[in-house]
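A.B. asks: Please see the structure below; I have some questions.
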Amino acid sequence: MSIDVSGLTKTFPSTGSGRRGDFVALDDVSVSLPTGQLTALLGPSGGGKSTLLRIIAGLDTADTGTVTIEGTDATRLPPQKRNVGFVFQHYAVFKHMTVAKNVAFGLEIRKRPKAEIAERVDELLKLVHLSQFAHRLPSQLSGGQRQRMALARALAVEPSVLLLDEPFGALDAKVRKELREWLRRLHDEVAVTTVFVTHDQEEALEVADEIVVINEGRVEQVGTPDQLYDDPANDFVMSFLGEVTHLSGTVVRPHDIDVSTSPQFAGAVEGTVSRMLRVGFEVRLHVLTVDGEDVSVVMTRTHARSVGIREGSTVWLTVAAGATVVPSMRAASQVEMAG
Amino acid sequence: MTTALLDGAHTPAGPESPQGPRRRRARRATPRNTLTRGAALGLGVTMMWFSLLVLIPLTAVVAAAAEGGWDRYFSVLTNSQTWAAVTLTVTQALLVTAVNVVMGTVIAWVLVRDRFWGQSLLNVIIDVPFALPTIVAGLVLLSLYGPNSPLGLHWAFTERAVTLALAFVTLPFVVRTVQPVLEELEADVEEAAASLGAQRLTVFRRIILPSLVPAVMAGAALSFARAISEYGSLVLLSGNRPYETEVVSVRVLTFIENGNNASAAALASVMLFVALVVIVALDLVQRRVARRG
Amino acid sequence: MVDVSAPTKWLLRLLAVGYVFFLVAWPVALVVKETFSDGLGNLVEALTDSQVTGALQLTLMVALWAVVINTLFGVGISLLLVRYEFPGKRMLSAMIDIPLSVSPVVVGLALLLVYNGRTGWFGPSIEEAGYQVIFDTPGMIMATCFVALPLVIREVVPVLHEIGDDQEQAARSLGANAPQTFWRITLPSIKWAVVYGVVLSLARSLGEFGAVKIVSGNITGRTQTATLVVEAKYQNFQQSTAYATSFLLIFVSIACLVVVAFLRPKHDS
């Protein structure tokens, strides 16, 4: 295991006149992050994932608990001694240095020979496709380019772990998507243990080998994207990873509900289509059941037409065979949906 | 208080620069003159007043100085008493500027990065020299460093009095230029440097200081310009003793009082020139910073 | 944020506070103490001295005129600089700052050379028309205007930049004409910046010394302002009156600072 975190607790003193007591950012968090993997810390804003990352980097200190990086206890180590690479949401570029100087910074601090530094910087700029910008100032780069520079800067010191705090959060949607794919490929190339924080479940599902879902300062579940999606530990994880609806006491995905116009299966719930909305190839239904539940259902346009559903139709709903289902624990309104 | 605040007008090309060239072309396409009739009238009145108040009088100084040609300059400046005043003024201004560079940065740092009781009071006191009438500033300093000094310091009428007066009136410049820059420094930049292995001192020397240098220089230039032109605070404190504590402004005033406007203008135009150099230098520094973004 | 170590922190704190204490705080406090060394006696004495009261009235009059002129001029030029394009704009915006870098003595000399009644460029013709500028109030107002000129502009320009012209365009699209737009939209948004500039100008105007000394001629009882009285009284060995008058000036300028300190966060937010 590359990073072992155990029993981490962190509270921030409350600010302002609220007097609601201290804010608990992390509540007894223990997690192990495997070597060489790309791990995502996923969760809603304010859930504690950035705090966890900053504690691993030594930029914040935990109240209790330990951090072990590659077998050495790093709990009391200052950030300078941890040999981690950290990439910030807002790039944190050194404005007064050229792109090459930015990347060289960590190596210069380590007093490497000049020739070696030049060679390494060259290599890294090639890796992040910024070779032609080596002598520009960061202000002349776009946001995406700045973030790639920041990544090269973090990688230059050959860190034992690379930590990225919402690395694409400040970029627009298109650039974000490009960089996401690029990060995946880069990781396959460089294979350094990487942890990144995101609140975007699509980003986590697409890029990560493993996902740690964090909410309200606690780890909800750890697993591969498939495990999380197919076998969520609770309805929070399930609803955070995709759209959900409630049907007779269970949480289920709207596209996992079968709709028929006659009561074919035992246990089917009767209801009326209260609203029907077509979005491209998809049809979204709101079905008001006889139990008073408002269930949303998604099906293809073709399917809806073949079954002959329209607003006002009486339908029977069943959970599709093989669907992921979680018992409903909390009110749906408490679950904060992502992005 | 930095000069060229108006520089906000030419914002640097945005960070997402692909559109940079296109935008620039678009700007050139807009008419160079967008004045409406009312605004043009306003500009006319404004320029007239500005000319009558500032431009024509300053031109008159230069014209009066030029009448005598280089010979006049030469004779005015080589007068040993004037030369002594020039040397004293420049040396003291440089000394005080150096002090301000260090103390101003320290004070700005303490105001931004430290938290302690009475800090906001300190913040207000920094502005007192801006607001206090200069003659009162002289009187104020006399109370602690003059003949009745409770500290037993009798610095009045010595070169030290000049240093004190200049340090007093220029105190806010570096503080007030550095403070906002320090406030806007992003914490994550320093954290980035730390996680790359830089120790505190290295972070300060290689990350913070370079970001502050333009602001420190701007503040230094302002305080130098102010120091060489200072008059009011020195009147009571320095005693204006020729060859010892007489500064250039006092020299100019003596020329005026003796009805020697030509010599006064010659010396004044030299001061104007120095002021102009400072303004231009400041503008260059700020434009470079704006480009850095 | 990377913090300094505790000893360094205390050293820097001590250095900053110590420097400001010895240079500004203690000396100012001593003047205040000196003023009240025999209760209110010094103040009463100063305030019953017709030389002092006359000077205070004159100072107030000159400062008010200068502030009014600089405010009108400052707001106007700020609008021109921010909202319009015209040839020579950059030049003008650079020249606005000149008065901050010119010695008050040079300001006095410059005005003297143009407006003095005998040899000035315009002085004789103005005098023929029956007006006197130099050695009289108009010259003193001009000198004060000159030194305080950029203060309003430097406050208003950044705010105008910041608020942009969206609201003004919206107002115009709703049918407001230029004056209506100015009074109802622009002025309310720059109100605090203007007030701030006015307070700074007032402090500067009340305290001007060098330039006014030259253009006023420093004629006791006629063109002597409060700051000139301080000098005269001190050199006349009427130190208690000098201290009392200084105290009044310190009081007003610190009051200005306090007003500004209270205003600042309001118009920043």
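A.B. asks: Looking at B:I135, B:I125, which one is within 20 Å of the chain's Cα centre (by Cα), surrounded by fewer than 23 Cβ atoms within 10 Å (Cβ to Cβ) and within 7 Å of chain C (Cβ to nearest Cβ)?
C.D. replies: Values: B:I135 fails: surrounded by fewer than 23 Cβ atoms within 10 Å (Cβ to Cβ).
Step by step, each of B:I135, B:I125 is checked, and only B:I125 is within 20 Å of the chain's Cα centre (by Cα), surrounded by fewer than 23 Cβ atoms within 10 Å (Cβ to Cβ) and within 7 Å of chain C (Cβ to nearest Cβ).
A.B. asks: Taking A:A115, is it part of a helix (DSSP H, G or I), over 29 Å from A:E181 (Cβ atoms) and not aromatic (F, W, Y)? Give the derivation first.
C.D. replies: On the way: part of a helix (DSSP H, G or I): yes; over 29 Å from A:E181 (Cβ atoms): yes; not aromatic (F, W, Y): yes.
Considered against the rule, which asks whether it is part of a helix (DSSP H, G or I), over 29 Å from A:E181 (Cβ atoms) and not aromatic (F, W, Y), A:A115 comes out as yes.
A.B. asks: Within the range A:65-100, track down each residue that is more than 10 Å from chain B (Cβ to nearest Cβ) and closer than 28 Å to B:R288 by Cα. Walk me through how you get there before you give the answer.
C.D. replies: Initially, the range A:65-100 is screened for residues more than 10 Å from chain B (Cβ to nearest Cβ), giving A:65-77, A:98-100.
Result: A:T98, A:V99, A:A100.
Let's see how each residue does on (1) in contact with a Ser or Thr (Cβ under 9 Å, 6 or more places away or on another chain); (2) surrounded by 21 or more Cβ atoms within 10 Å (Cβ to Cβ); (3) at pLDDT 85 or above:
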residue: B:V213; (1), (2), (3): no, no, yes
residue: B:A221; (1), (2), (3): yes, yes, yes
residue: B:A227; (1), (2), (3): yes, yes, yes
residue: B:Y231; (1), (2), (3): yes, yes, yes
residue: B:E257; (1), (2), (3): no, no, yes
residue: B:N260; (1), (2), (3): yes, no, yes
residue: B:L272; (1), (2), (3): yes, yes, yes
residue: B:R287; (1), (2), (3): no, no, no
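A.B. asks: Okay, next question. Does any residue in the range C:20-33 that is facing chain B (nearest Cβ under 8 Å) come within less than 6 Å, Cβ to Cβ, of a residue that is at pLDDT 95 or above six or more places away or on a different chain, and which pairs are these?
C.D. replies: Partner pairs satisfying both residue conditions: C:L23/B:F168.
A.B. asks: Something else: Counting just the residues of the range B:149-171 that are more than 10 Å from chain C (Cβ to nearest Cβ) and open to solvent by less than 20 Å² (accessible area, probe 1.4 Å), which one comes out farthest from the chain's Cα centre (by Cα)?
C.D. replies: Restricting to residues being more than 10 Å from chain C (Cβ to nearest Cβ) and open to solvent by less than 20 Å² (accessible area, probe 1.4 Å), the top hit is B:A156.
A.B. asks: Which residue, of B:S263, B:S233, is more than 10 Å from every other protein chain (Cβ to nearest Cβ) and in a helix (DSSP H, G or I)?
C.D. replies: B:S263
A.B. asks: Scan the range B:186-198 and tell me whether some residue there is more than 14 Å from chain A (Cβ to nearest Cβ), surrounded by fewer than 23 Cβ atoms within 10 Å (Cβ to Cβ) and either farther than 16 Å from B:L236 by Cβ or modelled with pLDDT of 90 or more (or both). Give the derivation first.
C.D. replies: Step one: list which residues in the range B:186-198 are more than 14 Å from chain A (Cβ to nearest Cβ), which gives none.
There is no residue in the range B:186-198 that is more than 14 Å from chain A (Cβ to nearest Cβ), surrounded by fewer than 23 Cβ atoms within 10 Å (Cβ to Cβ) and either farther than 16 Å from B:L236 by Cβ or modelled with pLDDT of 90 or more (or both).
A.B. asks: Looking only at the range C:52-67, decide whether some residue is assigned by TED's automatic domain parsing to the domain that holds C:S246, surrounded by fewer than 21 Cβ atoms within 10 Å (Cβ to Cβ) and of a type in the set (S, T, Y).
C.D. replies: yes
A.B. asks: In the range C:83-102, which residues are farther than 22 Å from B:G219 by Cα and at the interface with chain B (Cβ under 7 Å from one of its Cβ atoms)?
C.D. replies: Correct list: C:Y84, C:E85, C:F86, C:P87.
A.B. asks: Still on this model: Which residues, taken from the range C:221-232, are among the charged types (D, E, K, R) and at pLDDT below 90?
C.D. replies: Here is the first cut: in the range C:221-232, the ones among the charged types (D, E, K, R) are C:222, C:231.
The answer is C:R222, and nothing else.
A.B. asks: Identify, by number, the condition in (1) without any contact (Cβ under 8 Å) to a residue 40 or more places away in the chain; (2) under 30 Å from C:A226 (Cα atoms); (3) among the charged types (D, E, K, R) that B:D127 doesn't meet.
C.D. replies: Among (1) without any contact (Cβ under 8 Å) to a residue 40 or more places away in the chain; (2) under 30 Å from C:A226 (Cα atoms); (3) among the charged types (D, E, K, R), the lone unmet condition for B:D127 is (1).
A.B. asks: How many of the residues making up the range C:211-263 are hydroxyl-bearing (S, T, Y) and within 10 Å of chain B (Cβ to nearest Cβ)?
C.D. replies: In the first step, residues of the range C:211-263 are kept if they are hydroxyl-bearing (S, T, Y); the result is C:216, C:220, C:223, C:225, C:227, C:234, C:240-241, C:243, C:245-246, C:253.
Going one step further and asking which of them are within 10 Å of chain B (Cβ to nearest Cβ), we end up with C:225, C:227, C:234, C:243, C:245-246, C:253.
The total comes to 7.
A.B. asks: I would also like to ask the following. Pairs under 8 Å by beta carbon, first residue under 17 Å from C:N70 (Cα atoms) and in contact (Cβ under 8 Å) with a residue 60 or more places away in the chain in the range C:150-174, partner surrounded by 12 or more Cβ atoms within 10 Å (Cβ to Cβ) and basic (K, R), six or more apart or different chains?
C.D. replies: Sorted first by the residue in the range C:150-174, then by its partner, the pairs are C:L151/C:R204.
The values are calculated or read from the model by the stated rules, or taken from the named source; none is laboratory data. All figures in this text were calculated on a predicted structure; none of them were measured in a lab. In this analysis, Cβ positions are derived from the backbone assuming ideal geometry, glycine residues included, and neighbour counts consider all displayed protein chains. We work out accessible area using only protein heavy atoms, side chains counted, and drop any ligands, DNA or RNA first. Shrake-Rupley method; radii C 1.70, N 1.55, O 1.52, S 1.80 Å.
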